């Protein structure tokens with residue numbers, strides 16, 4: 001059910017999302033298919049970045065090397081870019097958890113690429129930010145993808161630290177977020 005793993009670029013393969021010859025990661029999608037032979041799944045790529053977000057975030061990638069990644073069933077680790085951001089993923093059948101270690105030298109970002117499915121841009125995707133819980137200092141965000149006629153993807157993300165800022169794109173134009181949304 002959950003196959004949270006990297007999508008590489010520029011040769012993102014159909015269904016699996018990973019090409020060993022690639023040197024860029026475009027995100028870590030929550031769903032993948034093995035052996036389908038056609039575009040599918042690759043839903044909701046999430047990409048950690050550092051510094052200012054420039055250009056079109058949906059096309060953002062970060063460099064990686066096969067020498068700085070490791071994988072085993074249910075776990076994946078990779079070092080992205082320079083200065084280095086460390087991404088660790090772990091999954092069970094229905095859940096996933098990530099540990100992202102950003103360098104202290106620049107602000108860290110998480111891009112939730114709601115329209116970057118392997119199936120292309122799908123209508124009906126939305127994201128919203130929920131209030132932080134009084135007993136937790138971090139932030140919560142929920143995403144509900146309703147890409148008819150395929151199966152919806154729902155997820156809930158909880159963050160250890162509060163956001164400094166947040167925002168979203170509408171028709172490729174950045175819109176500032178509002179605290180307390």
Checklist entry - Does any residue in the stretch 74-88 that is at negative phi and without any contact (Cβ under 8 Å) to a residue 60 or more places away in the chain come within less than 7 Å, Cβ to Cβ, of a residue that is part of a loop (DSSP other than H, G, I, E, B) and crowded, with 17+ Cβ neighbours inside 10 Å six or more places away or on a different chain, and which pairs are these? => result 79/64; 80/64; 85/102
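Within 11 Å of residue 48 (Cβ to Cβ), in contact (Cβ under 8 Å) with a residue 24 or more places away in the chain and either within 17 Å of the chain's Cα centre (by Cα) or surrounded by 15 or more Cβ atoms within 10 Å (Cβ to Cβ) (or both): does that describe residue 98?
Numbers: within 11 Å of residue 48 (Cβ to Cβ): yes; in contact (Cβ under 8 Å) with a residue 24 or more places away in the chain: yes; either within 17 Å of the chain's Cα centre (by Cα) or surrounded by 15 or more Cβ atoms within 10 Å (Cβ to Cβ) (or both): yes.
When the stated conditions are applied, residue 98 passes them.
Values in this text are rule-based calculations from the coordinates and carry no lab data. Being a predicted model, the structure only gives us computed values, none of them experimental. Here Cβ is always computed from backbone atoms with ideal geometry, including for glycine, and neighbour counts include all displayed protein chains.
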